[in-house]
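Enquirer: Have a look at the structure that comes next, please.
The values are calculated or read from the model by the stated rules, or taken from the named source; none is laboratory data. Worth saying up front: this structure is predicted, and the values here are computed from it rather than measured. Quick reminder, even Gly has a Cβ in these numbers, built from the backbone with ideal geometry, and neighbours come from all protein chains shown. Accessible surface is based on the protein model in full, side chains and every heavy atom, while ligands, DNA and RNA are left aside. Shrake-Rupley method; radii C 1.70, N 1.55, O 1.52, S 1.80 Å.
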Amino acid sequence: MEKKYNHELCEEKNYKLWEDSGYFNPDNLPEGESYTVVLPPPNVTGKLHMGHAAMLAYQDALVRFNRMRGKKTLWLPGTDHAAIATANKTEKIIYEKEGKTRHDLGRDLFLERVHQFAKDNHDTIINQVKKMGASLDWSREAFTLDEERSLAVRTAFKRMYDDGLIYQGARIVNWDPFMQTTVSDDEIEYKEEKTSFYYLQFGPFVIATSRPETKLGDKYVVMHPDDRRYKKYEHGQKITVEWINGEVIATVIKDDVIDPEFGTGVMTITPWHDNTDFEIAERHNLEKEQIIGFDGKMLPIAKEFEGLKIKKARALVVEKLREKGLVVKVEENYTHRVALNSRGGGVIEPQIKKQWFVDVNKKFNLSFSKIKGFKTGDEVSLKELMQKVVETGEVKIFPDRFNKIYYQWIDNLHNWCISRQIWYGHQIPVWYKEGETYCDINPPQEEGWEQDPDTLDTWFSSGLWTFSTLGWPKETEDLKKYHPTDVLETGYDILFFWVARMILMTTYNLGEIPFKNVYLHGMVRDGKGKKMSKSLGNTIDPLDMVDEYGADATRLSLVIGSAPGNDIKLSEDKIRGYRNFANKIWNISRFIMMRTEDYDNSVTEKDWSDEDKAIYSEFVEAAKETTKNLEEFKFSLSAETIYHYIWHTFADKVLEDSKSVLDDESRKKTRQDLLRRILLESLKVMHPFMPYVTEEIYQRFPFSDKKETLMIEEWPVL
RNA sequence: GGGCGGUUAGCUCAGUUGGCUAGAGCGCAUCGCUUACAUCGAUGAGGUCAUAGGUUCGAGUCCUAUACCGCCCACCA
């Protein structure tokens, strides 16, 4: 054995050994209780980042641990087509290189390009996942947009459509005029901006707005019913008002969403372009008019302002209001929040549009239920299902403070807008012909039907992930054996996007929970606590770290010193520290190998001296604690315990003391047996955290009765 | 406006149902190239565990306030 552990020579080789052994695939493991984890599928938009590395480190630890404990363990890999993100990136690249937009290429040609881009990224990502040492069953790999998943998506859509849970409706959506698509509430980012705040004379009222250009069509003036100042105006009263483009007849509306303290306590509404206004209009059955087109330009209703872009129109509208003497005052430097598309698009312009929705409040009959608290046939809503499975503890969330956050989110949950005006993704399985609508898993046979051009929100397909990957809607053996899954391990940032949607989809479609436990890890930040981002230039590339210090060190640095749900701060120093630990284990093994060359394998535990036994029991204590902590998802404590034992007890004390013992012929033999024993078992216990170095030593060390790989050795303690 | 975290060694963080003489990594100081390892070893400096009260035999850990950081959610025109 070399003086230093060289990860470069060991990692690829051992991954191949594991893969070739076939034991990533549970079909090749002995029968037993199943243990399932599905990998949160990385997006095919780029390469692996530290967040992925963290997720792989945690999950691989769980999976290897349970495999060694004799569970029939399945860790199922895959990737996510990440509709909007992937389409955007591709379009951006095409635009930069060729100056063409997706409209220049057309749907088919553009999709071809996206598929190629997705495929290239997929290959990169998969290779990187392997480099981390992840013991995933590649024979079951899935993609959220492949044939089987597509069938699952269409099946789920059809069922929900038939149950009346999916409907088409006109609603205010977050429209991105730049990317020509809708954006979900969760994908919006707000940015504070200084702007002018205008007080305008609207008949007898003064109204305040930061967006005068939307006010062109306003003909409803709204105030709080209890506001004394406006007592003399009746609900429904008509008032003639001189406005931007001449006289309008305005109607007084009283509604208690109005805050009398804000501005003047009166506002006019623009139902087509504002969510609050839309809701007021819905409540009072008011007319809604579109002012701004989907291209972000003023419509004919704006008369002289027609065709102007929003910013330009605003300036001109204000100018005209000034000329007419309708501007009462202007507050400069008014702070308000601008909604932006977080997927790299433009400023959001609310619009009314026909969209597909999942109704989360509508009651339906559960066609089948194994869910605690609900029987087959019970009448429930999706919202109730989502709530109940966490309330009853059937799905447990770690750390549990996220329960509260989850409930709060459910309470605020609106119907889920699932249609997207992009081309890449699962096209909605609905066809139209002469005013007729047809929804099915497969297209209609006859000629002349045209499919809805929209695609589904990417979370619709990833919501099915725990069971679509196991072959659903077919009734497969895998589905029976491996579902519900045991643990869903992911970052807390996608608790709502994804975890909640999986609960929705699984309880609805299967009548059971998707997973028993949800473990949420934090975001990986840099050494100073800043979010790692390309623009800040503070990213640490996991692959660079793997090359430099090894996958084991990189993994351990992400596991130790981080608490569930708390952000992980990572620095290169920390990784280097754990690289040194890998080397320490290496040298411990070297020492034992050199000093036990004349090992007598007839010696057993029975022959041990009391001192030997005492030393061993100290190991057992540490191993037990490691085990217990890992069972309870206390990754950091678990790894730290065995780390500390190996370095500061086994190496610093036991080996140091053993030097003299090994020189003493009378005590040597049993001590040799003891050291070999503790070494082997330490390797096992360390293996879930540092698979490569432990495997490499295992392969080289002349242990008796070795198996093909350490990966399937038996866990040493209960 | 609601909610959730954090505040522990110079830095970044752990701390399991309250028992801690408060730990880890990195950094720092002194010594040591001793045939497992200098990616090391030995020794050491460094903390009124944010602040103020309280519960308790005992509190970093539980309770109540306060301060400052951070995050999430929400329709303030």
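Enquirer: Please pick out the residue among A:His648, A:His687 that is open to solvent by 40 Å² or more (accessible area, probe 1.4 Å) and within 26 Å of A:Leu62 (Cα to Cα).
Expert: Numbers: A:His687 fails: open to solvent by 40 Å² or more (accessible area, probe 1.4 Å).
Of A:His648, A:His687, the one residue that is open to solvent by 40 Å² or more (accessible area, probe 1.4 Å) and within 26 Å of A:Leu62 (Cα to Cα) is A:His648.
Enquirer: A further question follows. Taking region A:577-603 only, how many residues are near RNA strand B (Cβ under 6 Å from one of its atoms) and either modelled with pLDDT under 90 or acidic (Asp, Glu) (or both)?
Expert: Total satisfying the criteria: 1.
Enquirer: Read through the list (1) in contact (Cβ under 8 Å) with a residue 60 or more places away in the chain; (2) open to solvent by 10 Å² or more (accessible area, probe 1.4 Å); (3) touching a Phe, Trp or Tyr at 6+ places or on another chain (Cβ under 8 Å); (4) under 16 Å from A:Leu556 (Cα atoms), then give the number of the only condition that A:Thr670 fails.
Expert: The number of the failed condition is (4).
Enquirer: Looking only at region A:200-212, how many residues end up being within 12 Å of RNA strand B (Cβ to nearest atom) and not in a loop (DSSP other than H, G, I, E, B)? Walk me through it before giving the result.
Expert: The first filter runs over region A:200-212 and keeps only residues within 12 Å of RNA strand B (Cβ to nearest atom), leaving A:200, A:202, A:205-212.
Narrowing the set further to residues that are not in a loop (DSSP other than H, G, I, E, B) leaves A:200, A:202, A:205-209, A:212.
Number satisfying all stated conditions: 8.
Enquirer: Out of the residues in region A:566-576 that are more than 7 Å from RNA strand B (Cβ to nearest atom) and open to solvent by less than 60 Å² (accessible area, probe 1.4 Å), which is modelled with the highest pLDDT? Full working, then the answer.
Expert: Within region A:566-576, the first condition is being more than 7 Å from RNA strand B (Cβ to nearest atom), and the residues that meet it are A:568, A:570, A:572, A:575.
With the extra rule that they be open to solvent by less than 60 Å² (accessible area, probe 1.4 Å), the set shrinks to A:568, A:570, A:575.
On the way: A:Ile568: 80, A:Leu570: 78, A:Ile575: 88.
For region A:566-576, the residue satisfying everything is A:Ile575.
Enquirer: Tell me yes or no: at least one residue of region A:412-429 is within 16 Å of RNA strand B (Cβ to nearest atom) and among the β-branched types (Val, Ile, Thr). Spell out how you get there, then give the answer.
Expert: So in region A:412-429, the residues within 16 Å of RNA strand B (Cβ to nearest atom) come out as A:412-417.
If we keep only those that are among the β-branched types (Val, Ile, Thr) too, we end up with none.
No: region A:412-429 contains no residue that is within 16 Å of RNA strand B (Cβ to nearest atom) and among the β-branched types (Val, Ile, Thr).
Enquirer: Could you check A:Asn629 against (1) under 20 Å from A:Leu718 (Cα atoms); (2) touching a Lys or Arg at 6+ places or on another chain (Cβ under 8 Å) and say which number it fails?
Expert: A:Asn629 satisfies all of (1) under 20 Å from A:Leu718 (Cα atoms); (2) touching a Lys or Arg at 6+ places or on another chain (Cβ under 8 Å) except (2).
Enquirer: Please specify each residue of region A:458-487 satisfying the condition of being of a type outside the set (S, T, N, Q), in a helix (DSSP H, G or I) and touching a Pro at 6+ places or on another chain (Cβ under 9 Å).
Expert: Applying the first criterion (of a type outside the set (S, T, N, Q)) to region A:458-487 yields A:459-460, A:463-465, A:467, A:470-475, A:477-484, A:486-487.
From what is left, the residues that are in a helix (DSSP H, G or I) are A:459-460, A:465, A:467, A:477-482.
Matches in region A:458-487: A:Trp465, A:Phe467, A:Lys481, A:Tyr482.
Enquirer: Can you find, within region A:213-238, the residue that is nearest to A:Asn333 (Cα to Cα) among those that are of a type in the set (Lys, Arg) and assigned to a loop (DSSP other than H, G, I, E, B)? Don't jump to the end; show me each part of the working.
Expert: Going through region A:213-238, the residues of a type in the set (Lys, Arg) turn out to be A:215, A:219, A:228-229, A:231-232, A:238.
Those left that are additionally assigned to a loop (DSSP other than H, G, I, E, B): A:219, A:231-232.
Details: A:Lys219: 28, A:Lys231: 32, A:Lys232: 34 Å.
The extreme case among them is A:Lys219.
Enquirer: For region A:291-308, give me each residue that is part of a loop (DSSP other than H, G, I, E, B), in contact (Cβ under 8 Å) with a residue 24 or more places away in the chain and surrounded by 17 or more Cβ atoms within 10 Å (Cβ to Cβ). Show your work before the answer.
Expert: First, the residues of region A:291-308 that are part of a loop (DSSP other than H, G, I, E, B): A:291, A:293-296, A:299, A:306-308.
Keeping just the survivors that are in contact (Cβ under 8 Å) with a residue 24 or more places away in the chain gives A:291, A:294-296.
Once the filter is applied, which keeps residues that are part of a loop (DSSP other than H, G, I, E, B), in contact (Cβ under 8 Å) with a residue 24 or more places away in the chain and surrounded by 17 or more Cβ atoms within 10 Å (Cβ to Cβ), region A:291-308 yields A:Ile291, A:Gly296.
Enquirer: If the requirement is being open to solvent by less than 10 Å² (accessible area, probe 1.4 Å) and over 30 Å from A:Ser21 (Cα atoms), which of these qualifies: A:Thr73, A:Thr90, A:Thr79, A:Thr101? Walk me through how you get there before you give the answer.
Expert: On the way: A:Thr73 fails: over 30 Å from A:Ser21 (Cα atoms); A:Thr79 fails: over 30 Å from A:Ser21 (Cα atoms); A:Thr101 fails: open to solvent by less than 10 Å² (accessible area, probe 1.4 Å).
Answer to the selection: A:Thr90.
Enquirer: Taking A:Pro702, is it more than 14 Å from RNA strand B (Cβ to nearest atom), outside any helix (DSSP H, G or I) and buried (at least 20 other Cβ atoms within 10 Å of the Cβ)? Show your work before the answer.
Expert: Details: more than 14 Å from RNA strand B (Cβ to nearest atom): yes; outside any helix (DSSP H, G or I): yes; buried (at least 20 other Cβ atoms within 10 Å of the Cβ): no.
Spelling it out, it is not the case that A:Pro702 is more than 14 Å from RNA strand B (Cβ to nearest atom), outside any helix (DSSP H, G or I) and buried (at least 20 other Cβ atoms within 10 Å of the Cβ).
Enquirer: So, in region A:256-277, exactly how many residues are in a loop (DSSP other than H, G, I, E, B), more than 29 Å from A:Phe178 (Cα to Cα) and open to solvent by less than 70 Å² (accessible area, probe 1.4 Å)?
Expert: Within region A:256-277, the subset in a loop (DSSP other than H, G, I, E, B) is A:256-265, A:269-270, A:274.
Applying the additional criterion that residues be more than 29 Å from A:Phe178 (Cα to Cα) yields A:256-265.
Within this subset, residues satisfying the condition of being open to solvent by less than 70 Å² (accessible area, probe 1.4 Å) are A:258, A:260, A:263-265.
Residues in region A:256-277 being in a loop (DSSP other than H, G, I, E, B), more than 29 Å from A:Phe178 (Cα to Cα) and open to solvent by less than 70 Å² (accessible area, probe 1.4 Å): 5 in total.
Enquirer: In this structure, does A:Ser636 turn out to be within 14 Å of RNA strand B (Cβ to nearest atom), crowded, with 16+ Cβ neighbours inside 10 Å, small (Gly, Ala, Ser) and farther than 21 Å from A:Asp663 by Cβ? Can you show your working first?
Expert: Values: within 14 Å of RNA strand B (Cβ to nearest atom): yes; crowded, with 16+ Cβ neighbours inside 10 Å: yes; small (Gly, Ala, Ser): yes; farther than 21 Å from A:Asp663 by Cβ: yes.
Here the answer is yes, as A:Ser636 does meet what is asked.
Enquirer: Among the residues of region A:161-177, what is the count of those that are part of a strand (DSSP E or B) and either surrounded by fewer than 18 Cβ atoms within 10 Å (Cβ to Cβ) or within 24 Å of the chain's Cα centre (by Cα) (or both)? If you could, list the steps in order and put the result at the bottom.
Expert: Initially, region A:161-177 is screened for residues part of a strand (DSSP E or B), giving A:166-176.
Imposing the further condition that a residue be either surrounded by fewer than 18 Cβ atoms within 10 Å (Cβ to Cβ) or within 24 Å of the chain's Cα centre (by Cα) (or both) reduces the set to A:166-170, A:173-176.
Adding up the residues that qualify gives 9.
Enquirer: For residues that are of a type in the set (Phe, Trp, Tyr) and open to solvent by 20 Å² or more (accessible area, probe 1.4 Å), scanning just region A:178-223, find the one that is nearest to A:Ile422 (Cα to Cα).
Expert: As a first pass, look at region A:178-223 and keep what is of a type in the set (Phe, Trp, Tyr): A:178, A:190, A:197-199, A:202, A:205, A:220.
When the remaining residues are screened for being open to solvent by 20 Å² or more (accessible area, probe 1.4 Å), the result is A:178, A:190, A:198-199, A:220.
Details: A:Phe178: 12, A:Tyr190: 23, A:Tyr198: 36, A:Tyr199: 39, A:Tyr220: 35 Å.
Per the stated criteria, the residue is A:Phe178.
Enquirer: Also, quick follow-up: Mind checking whether some residue in region A:605-624 is open to solvent by less than 60 Å² (accessible area, probe 1.4 Å), under 28 Å from A:Leu520 (Cα atoms) and more than 12 Å from RNA strand B (Cβ to nearest atom)?
Expert: Yes, there is a match, as at least one residue in region A:605-624 is open to solvent by less than 60 Å² (accessible area, probe 1.4 Å), under 28 Å from A:Leu520 (Cα atoms) and more than 12 Å from RNA strand B (Cβ to nearest atom).
Enquirer: Filter region A:25-58 for residues that are hydrophobic (A, V, I, L, M, F, W, C) and either within 16 Å of the chain's Cα centre (by Cα) or open to solvent by less than 10 Å² (accessible area, probe 1.4 Å) (or both) and give the result. If you could, list the steps in order and put the result at the bottom.
Expert: Restricting attention to region A:25-58, the residues satisfying the condition of being hydrophobic (A, V, I, L, M, F, W, C) are A:29, A:37-39, A:44, A:48, A:50, A:53-57.
Within region A:25-58, A:Val37, A:Val38, A:Leu39, A:Val44, A:Leu48, A:Met50, A:Ala53, A:Ala54, A:Met55, A:Leu56, A:Ala57 meet the criteria.
One line per residue, one yes/no per condition, for (1) under 29 Å from A:Pro177 (Cβ atoms); (2) within 16 Å of RNA strand B (Cβ to nearest atom):
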residue	(1), (2)
A:Gly236	no, no
A:Thr240	no, no
A:Trp243	yes, yes
A:Lys254	no, yes
A:Glu279	yes, yes
A:Glu287	yes, no
A:Ile292	yes, yes
A:Leu299	yes, no
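Enquirer: Still on this structure, I have one more. For region A:326-355, give me each residue that is touching a helix residue (DSSP H, G or I) at 6+ places or on another chain (Cβ under 9 Å) and closer than 29 Å to A:Ile166 by Cβ.
Expert: Answer for region A:326-355, where residues must be touching a helix residue (DSSP H, G or I) at 6+ places or on another chain (Cβ under 9 Å) and closer than 29 Å to A:Ile166 by Cβ: A:Asn341, A:Ser342, A:Arg343, A:Gly344, A:Gly345, A:Glu349, A:Pro350, A:Gln351, A:Ile352.
Enquirer: Collect the residues in region A:132-160 that are under 19 Å from A:Thr45 (Cβ atoms), open to solvent by 20 Å² or more (accessible area, probe 1.4 Å) and of a type outside the set (Asp, Glu), keeping them in residue-number order.
Expert: Looking only at region A:132-160, we keep the residues that are under 19 Å from A:Thr45 (Cβ atoms), and these are A:132, A:141-146, A:149.
Going one step further and asking which of them are open to solvent by 20 Å² or more (accessible area, probe 1.4 Å), we end up with A:141, A:143, A:145-146.
Matches in region A:132-160: A:Phe143, A:Leu145.
Enquirer: Still on this structure, please answer the following. If A:Trp715 passes every condition in (1) within 26 Å of A:Asp137 (Cα to Cα); (2) outside any loop (DSSP other than H, G, I, E, B); (3) open to solvent by 10 Å² or more (accessible area, probe 1.4 Å) but one, which one does it miss?
Expert: With (1) within 26 Å of A:Asp137 (Cα to Cα); (2) outside any loop (DSSP other than H, G, I, E, B); (3) open to solvent by 10 Å² or more (accessible area, probe 1.4 Å) applied to A:Trp715, the lone miss is (2).
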